[in-house]
Amino acid sequence: MKLSNLSRGEWIATFGGLVLAVSLFVPWYGTDPANQNSNLNGVHVGTFSAWMVHPILRFVLLAAAAAPFILAWIVVREHQLSWPRGELTAVVAIAALGLIFYVGIVQKPGDPTSTISLQAGWFLAIAGSVLMLIGAFIRTSETQRTRKPPGVL
């Protein structure tokens with residue numbers, strides 16, 4: 001087990017995963033206290049974290065935040081993979097980024113949605129996912145793909 005095997009890409013992706021995991025407990029949404037109709041989870045006034053609002057998505061994003069740590073474990077233990085290291089982390093980061101954009105822009109929770117504002121935790125989750133994606137791209141660019149002759153799958 002060599003910690004020196006970790007490259008800059010793994011460190012960036014791991015930091016991004018940590019940021020994403022922490023962001024789940026930082027407020028993502030806030031209600032408008034001036035509007036009596038503003039309502040999120042049955043509460044009129046307050047801020048809400050993703051952990052409080054999204055019962056299923058919280059576990060999906062927590063699993064996504066674990067992907068760079070799994071990549072770092074694979075690199076440290078020098079396991080052989082059938083795909084370039086970092087590709088799966090990139091796919092997971094793209095999926096997490098899409099889900100975060102969806103629940104923050106397209107399908108914001110609360111009623112009416114125009115009275116629900118995005119808080120720092122949502123932006124922190126975006127930053128964590130982007131860092132995971134950047135780190136994964138750096139890692140995949142460091143790995144040379146073996147070329148196959150034409151006609152071979």
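The values are calculated or read from the model by the stated rules, or taken from the named source; none is laboratory data. The structure displayed is predicted, hence computed values, not measured ones. Note: ideal-geometry Cβ built from the backbone for every residue, glycine included; neighbour counts use all protein chains shown.
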Residue that is farthest from Arg77 (Cα to Cα), among those in region 27-56 that are of a type in the set (A, V, I, L, M) and buried (at least 18 other Cβ atoms within 10 Å of the Cβ): Leu40
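Name the single residue that is surrounded by the fewest Cβ atoms within 10 Å (Cβ to Cβ) among those in region 64-76 being closer than 11 Å to Ala93 by Cα and out of contact with any Asp or Glu (no Cβ under 9 Å at 6 or more places or on another chain). Give the steps one after another, and end with the answer.
So in region 64-76, the residues closer than 11 Å to Ala93 by Cα come out as 64-68.
Keeping just the survivors that are out of contact with any Asp or Glu (no Cβ under 9 Å at 6 or more places or on another chain) gives 64-67.
Values: Ala64: 26, Ala65: 26, Ala66: 15, Ala67: 24.
In this case the residue turns out to be Ala66.
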Whichever residue in region 85-96 is at pLDDT 90 or above and crowded, with 17+ Cβ neighbours inside 10 Å and, among such residues, is farthest from Gln36 (Cα to Cα): Val92
Residue selected from region 1-16 under the condition small (Gly, Ala, Ser) and in contact with a Leu (Cβ under 8 Å, 6 or more places away or on another chain), by the criterion surrounded by the fewest Cβ atoms within 10 Å (Cβ to Cβ): Gly16
Residue in region 144-153 that is at pLDDT below 75, more than 13 Å from the chain's Cα centre (by Cα) and under 22 Å from Ala13 (Cβ atoms) present: yes
Flag if Phe25 is in a loop (DSSP other than H, G, I, E, B), under 30 Å from Thr89 (Cα atoms) and either modelled with pLDDT of 90 or more or within 13 Å of the chain's Cα centre (by Cα) (or both): yes
Among residues of region 97-124, those that are surrounded by 15 or more Cβ atoms within 10 Å (Cβ to Cβ), out of contact with any strand residue (DSSP E or B) (no Cβ under 7 Å at 6 or more places or on another chain) and either small (Gly, Ala, Ser) or closer than 25 Å to Trp11 by Cβ (or both), counted: 5
Residues being among the basic types (Lys, Arg) and in contact with a Phe, Trp or Tyr (Cβ under 7 Å, 6 or more places away or on another chain) - total across region 73-108: 0
Checklist (1) without any contact (Cβ under 8 Å) to a residue 40 or more places away in the chain; (2) in contact with a Lys or Arg (Cβ under 8 Å, 6 or more places away or on another chain) applied to Phe101, failing item: (2)
Region 113-137 residues that are in a helix (DSSP H, G or I), paired with ones that are aromatic (Phe, Trp, Tyr) (beta carbon under 7 Å, 6 or more apart): Gly121/Trp28; Trp122/Trp28; Leu131/Phe15
Residue check for Ala34: in contact (Cβ under 8 Å) with a residue 40 or more places away in the chain and over 11 Å from the mean Cα position of the chain (by Cα): no
